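All remarks here apply to the structure that follows.
The values are calculated or read from the model by the stated rules, or taken from the named source; none is laboratory data. Everything numeric here is computed off the predicted structure, so don't read it as measured data. When we count neighbours, we look across all protein chains shown, and the Cβ atoms used for this are built from the backbone with ideal geometry, even at glycine. Surface accessibility is based on the protein's heavy atoms, side chains included, excluding ligands, DNA and RNA. Shrake-Rupley method; radii C 1.70, N 1.55, O 1.52, S 1.80 Å.
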Amino acid sequence: TGSGYQLEDLIQTDAAINQGNSGGPLVNLAGEVIGINTLIVRGGVSGLAVAEGLGFAIPSNTAQVISDQIIRDGYFARPYLGIRWQPISPSLAAQYDLPVEWGAYITSVSSGSPAAAGGLETGDIIVRIGDTTIDEDHSFVNALFASSPGEKVTLEVVRNGENLQLSVTLGETTAD
């Protein structure tokens, strides 16, 4: 549903996570599993700053939701909209003189997709999904994944400076 991979809603830790420990538990001082180790950053240089030994973990509540569905249904389904998109942030909005500071700019709509059936068009900017407004604390991906496949949602989009409410019935995908 997106334009690439994004790191969202991960736990950042400086706990020692060695190569090969992805998939292992991240525990707190009480010995409770709070996440599943998924990524380490070693020796990455960004400008003048050096990131060394940073680890990231999927929160255990996210893993629980996914594992419950896999146990119940045999797979994990995600809602499918059928678009390619780019995230909008205030700096990007200022650079390109966009009408909103936060949102998802639609770069293409797949033919026959739920988005196409709901009237979404290339160039639309999604600013709200259901009751969730896309902003600094609520990303497009998280707002979309708060809904379920088959659910009818109202999307607020900005098209040519005008706010529109479009109703879309989400599809289902199990692919990456």
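Things to note:
- Residue-span extension gain [residue 34 to residue 108] - 0.36 nm each, minus C-alpha spacing: 22.9 nm
- All Cα-Cα separations within the chain were binned at 10 Å from zero, giving a P(r) of 9, 30, 30, 22, 8, 0, each value a whole percent of the pairs.
- Extension gain (nm, one decimal) between residue 162 and residue 138, 0.36 nm per residue minus Cα-Cα: 6.4 nm
- Per-residue packing, averaged as other Cβ atoms within 10 Å, sorts the ranges 86-93, 56-63 into the order 56-63, 86-93, beginning with the highest.
- For the chain, size of Cβ-based charge dipole, Lys and Arg +1, Asp and Glu -1, in debye: 400
- Principal-axis tilt of helix 60-73 within the chain, Cα atoms, nearest 10 degrees: 70
- Accessible solvent surface per residue of the stretch 30-176, calculated while the other protein chains remain in place, 1.4 angstrom probe, Å²: 57
- Annotation: peptides 66-77, 109-120, ranked by per-residue average of other Cβ atoms within 10 Å with the highest first, follow the order 109-120, 66-77.
- A Gaussian network model of the chain, with springs between Cα atoms under 10 Å, assigns the largest mean-square fluctuation among 165, 64, 95 to 95.
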